[in-house]
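Take a look at this one; I'll ask things after.
The values are calculated or read from the model by the stated rules, or taken from the named source; none is laboratory data. This is a predicted model, so every value here is computed, not measured. FYI the Cβ positions are ideal-geometry reconstructions off the backbone, even for glycines, and counts take in every protein chain you see.
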Ligand code: NDP
């Protein structure tokens, strides 16, 4: 049995009931096969893949807090410090009822390669909890965040592990977490990113993942003889990534016609009204039915269905495995020619393979959504030098990073005879840097 297959079997056997983690490992290992097999003896002797797939540290803890009725609630908190070969652990905190150790491990594993691709010195990590901020009062969210950090603060720090936002963790949650960290440690340091602008946050961080997704998509199109201008776009999600992807798509002359949340989706042939969407989602924290009620051109549909819209480009920006084989077939039949992931692993492996087999340009999230973590690293730099850069300065660095990411993965794919396979290109380019650093640092 080949080294790659042996490691995948071990991962499945040692980590039962963690399907998302298995899926992420399989996708990465499959694309690394050509690289590993070219150097199998050395990698095997060094147990490089065993060390890559096993997190350096996994922290699981109890998070007790009191709700508004005086009832004690107990959630589970997680932080997986996956790989610190190229820098301190960096990765978001997800607050969603679906969170479990397998989900956090899949996200942390992906984060290693994503962070490597940014070209910045950041290792991979991820955290979260099965707490659901939806429907909770501000006081309840604060009580949870304070309890979460009261345990986690022992393991994080500006030079060790720097968490950030993710699903369910926005500016409000980061603020409460930062306040509690400062109170417990007495340190005013860049330990969390996505902070508010009055206390160490970076301009353009809020916009970074969505904007970065569009910068990379535009470059991918350009390098394939296409222009994003005038194209129609389907976006899923209506959160941080989706909103700023829609905004930047419009600025680049494209027309996003959809968005969605966990209860339904909008088709708006006139193009999404991004200011209205921000009002509904960022300010009122309401459902998309409110968007439809305020916008005569919008059609609201219950449940799934965002991928049935006829568009040129699809940008999944909600959650993992939200675009399956059937969706891919519908999109291709409707003429889609490019897909770039804003969310982490939103496309199933079968759907990805279908897109690739049908000539659709496909960019995986670990490359196309890396703008968020890249700008978080820029926030860390600003915190270290106690300076704030202008919006334009951060945005221009972001744009350069995203364009470089695309060219690096494109070059890696070509080098290994996999021209146009951006999934393989991203995994290979991300892996090689981490593998070299791990090898140089010895058996640790
Ligand atoms: P938000 O919480 O701001 O928004 C998530 C959106 O997706 C919401 O509209 C939410 O709907 C919807 N959603 C979440 N879970 C589900 C589900 N199970 N089914 C259907 N819809 C769902 O999160 P972000 O925008 O920050 O994150 C979105 C994705 O992007 C995630 O995969 C995240 O890991 C990834 N990502 C985020 C980065 C960032 O900087 N924020 C950086 C890199 C990747 P509802 O409002 O109903 O909950």
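How many residues, within the range 325-354, are over 27 Å from residue 109 (Cα atoms) and in contact with a strand residue (DSSP E or B) (Cβ under 8 Å, 6 or more places away or on another chain)?
So the count comes out to 3.
Next up: Please work out which one of (1) out of contact with any strand residue (DSSP E or B) (no Cβ under 6 Å at 6 or more places or on another chain); (2) more than 30 Å from residue 21 (Cα to Cα) is the condition residue 322 fails and give its number.
(2)
Continuing with the same structure: Evaluate the range 421-430: report whether one residue or more is surrounded by fewer than 23 Cβ atoms within 10 Å (Cβ to Cβ), touching a strand residue (DSSP E or B) at 6+ places or on another chain (Cβ under 9 Å) and more than 27 Å from residue 246 (Cβ to Cβ).
Yes, the range 421-430 has at least one match.
How many of the residues in the range 281-324 are in a helix (DSSP H, G or I), within 13 Å of the ligand (Cβ to nearest atom) and under 26 Å from the mean Cα position of the chain (by Cα)?
Qualifying residue count for the region: 5.
Let me ask you something else. Residue check, residue 410 against (1) part of a helix (DSSP H, G or I); (2) within 15 Å of the ligand (Cβ to nearest atom), all met but one. Which one?
Going through the list (1) part of a helix (DSSP H, G or I); (2) within 15 Å of the ligand (Cβ to nearest atom), residue 410 breaks only (2).
Hey, among the residues in the range 58-99 that are surrounded by fewer than 18 Cβ atoms within 10 Å (Cβ to Cβ) and within 16 Å of the ligand (Cβ to nearest atom), which one's nearest to residue 174 (Cα to Cα)?
Per the stated criteria, the residue is 97.
If you check residue 367 against the conditions, is it within 16 Å of the ligand (Cβ to nearest atom) and within 17 Å of residue 194 (Cα to Cα)?
The answer is no for residue 367.
Given 212, 237, which one is buried (at least 24 other Cβ atoms within 10 Å of the Cβ), near the ligand (Cβ under 10 Å from one of its atoms), at positive phi and at pLDDT 95 or above?
237
I've got another one for you. What do you reckon, is residue 357 within 26 Å of residue 420 (Cα to Cα) and either more than 16 Å from the ligand (Cβ to nearest atom) or out of contact with any strand residue (DSSP E or B) (no Cβ under 8 Å at 6 or more places or on another chain) (or both)?
yes
Shifting gears a bit: For the range 140-157, check the following and say yes or no: at least one residue is within 12 Å of the ligand (Cβ to nearest atom) and assigned by TED's automatic domain parsing to the domain that holds residue 49. Quick ask: steps written out before the conclusion?
Taking the range 140-157 first, the residues within 12 Å of the ligand (Cβ to nearest atom) are none.
Checking the range 140-157: not a single residue is within 12 Å of the ligand (Cβ to nearest atom) and assigned by TED's automatic domain parsing to the domain that holds residue 49.
Hey, another quick one. Residue 164 passes all but one of (1) within 16 Å of the ligand (Cβ to nearest atom); (2) over 30 Å from residue 423 (Cβ atoms); which number fails?
Looking at each condition in turn, residue 164 falls short on (2).
Something else: Since residue 271 meets every condition but one in (1) in contact with a strand residue (DSSP E or B) (Cβ under 7 Å, 6 or more places away or on another chain); (2) in a helix (DSSP H, G or I); (3) free of Cβ contacts under 8 Å to residues at least 60 places away in the same chain, which condition does it not meet?
The one condition residue 271 does not meet is (2).
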